[in-house]
Amino acid sequence: MRPAGADPTVLDAPKGLPGAVIQVAVREADGNAVGGVRLPDIAAPLGVQGAQNKPQTFICSLVGAFSPFPADKVAALYKDQNDYVNRVRVAAREAEAQGFLLPEDAAVIVNAAAETPVFAPAPAGSEPP
């Protein structure tokens, strides 16, 4: 991907659509795309989701890619594992209320968040600070 001309928010159009304007997704401070449906993994992120593919035909979409945040960034976003799970729960309930998730899917997402080791466990025998 390279910007078209001097505007870094516009990509070169595919050869078949030379007059098309393809804009780069606007991203929030954490690097995730702004807009669209905010599912729990975007509302309570552990990393940056979706890289933008180079326009090939008439589409330019965000594709499956994930770049995890470093541990210090995760620690700055969430107080602890419970804080992370609660934020995922709130986001899942909101998406469910808006009709973007089924109740059983929201439950799976919250359970997966609870099982995701966001914070490394303290070594055995260590004292909390």
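The values are calculated or read from the model by the stated rules, or taken from the named source; none is laboratory data. A quick note: this is a predicted structure, and the numbers were derived from the prediction, not measured. A quick note on method: Cβ atoms are made from the backbone with ideal geometry, for glycine too, and the neighbour counts reach across all protein chains shown.
Descriptive notes on the structure:
- Checked against (1) in a helix (DSSP H, G or I); (2) modelled with pLDDT under 75, residue 129 passes all but condition (1).
- Residue in region 51-77 that is modelled with the highest pLDDT, counting only those that are out of contact with any Pro (no Cβ under 9 Å at 6 or more places or on another chain) and within 14 Å of residue 41 (Cβ to Cβ): 68
- Members of region 15-39 found to be over 26 Å from residue 99 (Cβ atoms) and under 12 Å from the mean Cα position of the chain (by Cα), listed by number: 29, 31
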